[in-house]
Amino acid sequence: MAFLILSKKKDDTIDIMITKSNDAKVAFYTLGCKLNYSETSTIGSQFLDKGFNIVDFNEQADIYVINTCSVTENTEKECRQIVRRALRNNPDAFIAVTGCYAQLRPEEIGKIDGVDVILGSNEKFKIFELIEDFGKKELSCIYVSPTDELTDVYAASSTDADSRTRAFLKVQDGCDYKCSFCTIPLARGKSRSLPPETVLTIFRKLISEGYKEIILTGVNVGDYGKAINTNLYELLLLLVNEPGEFRLRISSIEPNLLSDEILDLAASNKKICNHFHIPLQSGSPKILKLMQRRYNSSFYKNLIEKVTNEIPDVGIGVDVIVGFPGESGQDFLDTYNFLKDLPISYLHVFTYSERPDTKAINMDGVVEHSERKKRNTMLRILSEKKRHEFYNKMKGKTLEILFEHEEHSGYMKGFASNYVRVQNKYDTALVNQFTGICINSVGDNICTGSLAE
Ligand code: SF4
């Protein structure tokens, strides 16, 4: 297939290049969550199917595709910087911007010099339907559907390039929740799920390609199946009954959606990782209310106790936001002490960032940025303490590790089912093999072990 690439010369005459796609180079840059990476990888496959060559973003390419995020103000700033970086690599390149920032504020992106097309959440997989000529545009073209028209669910999966052992499989998109700080429902629309048979088809393909760990991802994965009369438990049951050596990891799950059925299945079937990433956001009852989260702190505490009682050595990761409007010093200490006393393994700490069109942006009690930063640092230190405590509990135990192919000064690394990071002397025979490792010592965010007898 041939593509038209038009570039303006210094003397304003137009250079017309009709290029067979297998000459043309495309480069990708992704901001944000694993879901975005899965979607970029799928867009990449579309270009490969058309015979394009995918090159590194720092190389000169004919087309640059930037998949954006809108969770924080910084990600939007970063998007603008990346567009400029692409144009420094090749001032004549065709620049396409997609993702959540593109869905929410296409006009703002349209003002960035050099952007040729802006594609919304529905349009990101329709590049070749919407664009025929990848020549530079005088004005950027905007293809963005209104949020209430975001009804389709596009399959997407990406592989962890480094490890080549793990693959992310998107099963759900959008969200029906109304957390007062979050723009994701505005950028990705209502909660919707891939039919189980479609998930199964992609799952089987990934397993046949040799991936041993499949991470189920989405915006609100626990909400899987709501509109199609099924649920996440049913999907897990379907997948664990597939033949073969593999394990399933749930990327993240809302506390109110981690059902007893899922817990029982995880406790009884080692094909489900004994690891849960459960967003909390705040340990202060007052702030949880202002955030419009769907649980209170005692529900969360009881859930964590139930999970740790039912599943031995379970790894638990927690998302928490600091500096939310109205968060007093005491509210923050409530969060700090709440987390300190919980049997969890690590934290992902986020600093509250004002987002347009959210309820929180108009709330009173704005926290100084310097204070937000201080609170963020305190929780990151707590997270390291928690991780170290959890890793120390693994000493003398045998964990099943999936080692990655990359070598790190004579060592190989991999994750245990409970998300503990482990290294062992490099042995090619162990790459991408579930291997029993006896944990001997704990270092900086990694355990060292030896082959179990
Ligand atoms: S659950 Fe809340 S924080 Fe998560 S995507 Fe939905 S609205 Fe946003």
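The values are calculated or read from the model by the stated rules, or taken from the named source; none is laboratory data. Just so it is clear, the structure is predicted and the values come from calculations on it, not from any experiment. Note: ideal-geometry Cβ built from the backbone for every residue, glycine included; neighbour counts use all protein chains shown. Just the protein is used for accessible areas: all its heavy atoms, side chains included, with ligands, DNA and RNA removed. Shrake-Rupley method; radii C 1.70, N 1.55, O 1.52, S 1.80 Å.
Some points to look at:
- Sequence-distant residues sharing a close amide H with SER282 (under 5 Å, placed H): ILE321
- Once the Cα atoms are used to define both axes, helix 34-49 deviates from the longest principal axis of the chain by about 40 degrees.
- √(5λ) per eigenvalue of the Cα gyration tensor, region 387-453, largest first, Å: 18, 12, 10
- Rg and Dmax of region 151-273, both derived from C-alpha coordinates alone, stand at 14.2, 43 Å.
- Inter-label distance, nm, simple model (7 Å from Cα along the C-beta direction), GLU149/THR377: 4.9 nm
- Surface composition of the chain: carbon and sulfur atoms hold 51% of the protein heavy-atom accessible area at a 1.4 Å probe.
- Per residue solvent-accessible surface (Å²) - the chain, probe of 1.4 Å: 44 Å²
- Helical mean residue ellipticity (222 nm; -39500 (n - 2.57) per DSSP H run of 4+; nearest 500) of the chain: -9500 deg cm²/dmol
- Region 183-342 shape via C-alpha gyration tensor axes, a/c threshold 1.5: prolate
- Computed Kirkwood radius, in angstrom, where 1/r is averaged over Cα pairs of the chain: 23.6 Å
- The chain: Cys lacking any partner C-beta under 4.7 angstrom: CYS33, CYS69, CYS79, CYS100, CYS141, CYS175, CYS273, CYS438, CYS447
- Surface/4 of the Cα convex hull for region 216-309, nm²: 6.5 nm²
- Measuring only protein heavy atoms, the 1.4 Å probe finds PHE128 accessible over about 40 Å².
- Nearest-10 value in Å² for the accessible area of TYR352, using the 1.4 Å probe: 10 Å²
- Amide hydrogen neighbours beyond the local backbone of SER121, cut-off 5 Å, H modeled: GLN103, SER145
- Computed over the chain: relative contact order in percent, which uses C-alpha pairs under 8 Å that are six or more apart: 10 percent
- Counting only protein chain heavy atoms and rolling a 1.4 Å probe, the accessible areas of LYS286, LYS386, LYS205 rank, largest first, as LYS205, LYS286, LYS386.
- Exposure of GLU310 as accessible area (Å², to 10), given a probe of 1.4 Å and all protein chains: 60 Å²
- Accessible surface, 1.4 Å probe, highest first, among residues ASP152, ASP223, ASP49: ASP49, ASP152, ASP223
- Going by accessible surface with a 1.4 Å probe and the largest first, ARG421, ARG166 read ARG421, ARG166.
- Computed over region 275-393, the alpha-carbon pair-distance distribution with 5 angstrom bins reads 2, 11, 22, 24, 19, 11, 7, 3, 1, each value a whole percent.
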